[in-house]
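The values are calculated or read from the model by the stated rules, or taken from the named source; none is laboratory data. For clarity, every value in this text was computed on a predicted model and none was experimentally measured. Please note: Cβ atoms are built from the backbone with ideal geometry, for glycine as well, and neighbour counts cover all protein chains shown. Accessible surface is based on the protein model in full, side chains and every heavy atom, while ligands, DNA and RNA are left aside. Shrake-Rupley method; radii C 1.70, N 1.55, O 1.52, S 1.80 Å.
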Amino acid sequence: MPRKGVYRPKTPIGDAADPDSLWNYLQRFSQWQLEKNYSAKTVEGREVSLGYFIAWCAERGLMRPQEITKPMLERYQRHLFLHRKKDGEPLSTRTQIAFTTPVRAFFKWLSKHNHILYNPASELELPRQERRLPRHILTVAEVEAILAGPDLKTPMCARSTPAAPMTARCS
């Protein structure tokens, strides 16, 4: 999948003449978000992600939101998990979440506005994000320099006194 912002379908995906098509609901959803004062970047990002989802649905003959079920959404998640970038690397967990979250928001909107009877994405579980350690860790010399900085002989710089304000500057 190309980077966010590269793919911006201006041509309809699926049957544009059908007012109940996923594509036409996407247009209404985007308009609703703008009316509710969502950021233009948020709306654009969701359009990109939902454009991929609608294209995936169109490849499988799914043209209307009423045809989408929870197992189909889980297959879409599996598709994202198995998808490989041009360099052969899988999509990161964060990218998978970024492509799935707008789908959940879209179906929540469809359900809330009575375009579908129930929300098939309501119980959709997102992949767990990996926990990463900080990129920059202080060296032993840097830690020693920080600890050696305050003069512990003055009352304002003594770390054990609770009366010393945290913002006090020691010299």
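Here are some residues: Asn37, Asn24. Which one is at pLDDT 90 or above and part of a loop (DSSP other than H, G, I, E, B)?
Just a single option satisfies the conditions, and that option is Asn37.
Checked against the criteria, Leu34 does not count as aliphatic (A, V, I, L, M) and open to solvent by less than 80 Å² (accessible area, probe 1.4 Å).
Every condition in (1) open to solvent by 70 Å² or more (accessible area, probe 1.4 Å); (2) within 15 Å of Ala105 (Cα to Cα); (3) in contact with an Asp or Glu (Cβ under 9 Å, 6 or more places away or on another chain) holds for Gln66 except the one numbered (2).
Within the stretch 73-87, being open to solvent by less than 40 Å² (accessible area, probe 1.4 Å) and touching a residue at least 40 places away in the same chain (Cβ under 8 Å) holds for Leu73, Gln77. Arg78 meets the conditions (1) in a loop (DSSP other than H, G, I, E, B); (2) over 26 Å from Asp18 (Cβ atoms); (3) not small (Gly, Ala, Ser) in every case but one. The failed one is (1).
Listed by first and then second residue, the pairs linking a residue in the stretch 122-142 that is more than 21 Å from Val103 (Cβ to Cβ) to a residue that is open to solvent by 70 Å² or more (accessible area, probe 1.4 Å) and of a type in the set (A, V, I, L, M), with Cβ atoms under 8 Å apart and 6 or more places separating them unless they lie on different chains, are Leu138/Ile146. Can you pull out every residue in the stretch 101-139 that is modelled with pLDDT under 85, over 23 Å from Tyr52 (Cα atoms) and either touching a helix residue (DSSP H, G or I) at 6+ places or on another chain (Cβ under 8 Å) or surrounded by 10 or more Cβ atoms within 10 Å (Cβ to Cβ) (or both)? The answer is Glu130, and nothing else.
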